[in-house]
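Each value in this text was obtained by applying a stated rule to the coordinates, not by laboratory testing. In this text, all values refer to a predicted model and were calculated from it rather than measured experimentally. All Cβ positions, even for glycine, are placed from backbone atoms using ideal geometry, and neighbour counts span all protein chains on display.
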Amino acid sequence: MKNQQPKNSLKYRLHEIIYEADTRGGKLFDVILLIAILASIILVMLESVESFDAKYHTFLNVSEWVITILFSIEYIVRIVSIKKPLKYIFSFYGIIDLLSTIPKYLSFILIGSHNLAALRALRLLRVFRILKLARYIGASNRLIVSLKASRAKIAVFLFFVVIVCIILGTVMYMIEGAENGFTSIPRSVYWAIVTLTTVGYGDIAPHTPIGQFIASIIMIMGYGIIAIPTGIVTTEMAKANTIHTNTQSCPECLKENHVDDADFCYNCGSKLN
């Protein structure tokens, strides 16, 4: 069994506050973090408004630097508070945290790159850790499992849709012709896809009675086709079992969504805090 951090150590306390959403300190930290992220996004948006930026440029710039420095400190603390920093650095959240921190620094080199700070909106994904309601986390797990189980059926379905669009597009090209906007088979296939998905841009439209009849059939088919993937995924979800999980983070591999009352990590087997 791997050694566990003493519960009174600073590293343990930092890990508990930063990576755990089940504790009081962890919830408070995540709420403050989300408020800072929202404030930063609003600042970037306001800075893009020329009249507002001209009047409050100094305030916006200073505020953005303050938030950037706070995010930089947070990023460093996240690295030093775990046993395997590379696990975090190259994780999904680690990459997002880094990308949301560097735009302001890049502004010294690339003019206008600070606007990329809007990428911080991706950090709002952490809201799922804060809400941390078992039924929501369990539902997300079931959805992921259902999508994986359905991918073969959905792939076959999409392949069938593509074939149908190619056939219908070719037919419409033969019926309508270039004089009605169907100048080529690829363009006609594009029309078939737009019509079948019920988007209907209106840039191309059939003019002959036969073409309009076929278009009507395609539109009706579109409503039925939209429901098929939903039915496939729903069926798989009905088969999935409900798993009650929490947001506890493994100190070794940073995996989350452990089963309630679990003592060891399901991924690496390390002792959970």
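Between residue 110 and residue 35, what is the FRET efficiency for a Förster distance of 22 Å, r being their Cβ-Cβ separation, to the nearest 0.05?
Details: r = 28 Å, r/R0 = 1.29.
Once the sixth-power term is evaluated, E becomes 0.20.
Roughly what would the spin-label model give for residue 45 and residue 203, points 7 Å off Cα along C-beta, in nm?
With each label placed 7 Å out from Cα toward Cβ, I get 3.0 nm.
To the nearest 20 Debye, how big is the dipole of the stretch 137-239 about its Cα centre, given +1 on the beta carbon of each Lys and Arg and -1 on that of each Asp and Glu?
Computed charge dipole of the stretch 137-239: roughly 620 debye.
Normalised by the number of residues in the stretch 137-239, what is the relative contact order in percent for Cα pairs under 8 Å and 6+ residues apart?
Here the relative contact order equals 33 percent.
What fraction of the Cα pairs in the stretch 137-239, stated in percent, has a spacing above 19 angstrom? Show your work: numbers first, answer last.
Working: 2586 of 5253 pairs.
That tail contains 49 percent of the Cα-Cα pairs.
With r as the distance between the Cβ atoms of residue 263 and residue 79 and R0 = 25 Å, compute the FRET efficiency 1/(1 + (r/R0)^6) and round to 0.05.
After rounding to 0.05, the efficiency reads 0.40.
Any idea how far the Cα center of the stretch 9-41 sits from the one of the stretch 58-109, in Å?
Going from one Cα centre to the other spans 15 Å.
What ranking of 172, 221, 45 emerges when the number of other C-beta atoms within 10 Å of each C-beta is taken as an exposure proxy, fewest first?
Ranked by crowding around the Cβ, least crowded first: 45, 221, 172.
What are the residues whose amide H is under 5 Å from the amide H of residue 264, where those residues sit 5 or more places off or on another chain and H is modelled from the backbone?
272
Taking R0 as 25 Å, what's the FRET efficiency between residue 170 and residue 147 from their Cβ-Cβ distance, rounded to 0.05?
About 0.15, to the nearest 0.05.
Going down the list 11/87; 11/255; 27/148; 87/271; 83/255; 148/255, which pairs span over 22 Å between their C-alpha atoms?
On the way: 11/87 16 Å; 11/255 18 Å; 27/148 31 Å; 87/271 17 Å; 83/255 13 Å; 148/255 19 Å.
From the list (11/87; 11/255; 27/148; 87/271; 83/255; 148/255), the Cα-Cα distance tops 22 Å for 27/148.
How many nm is it between the label spots at residue 178 and residue 69, if each spot is 7 Å from the Cα in line with the beta carbon?
6.7 nm
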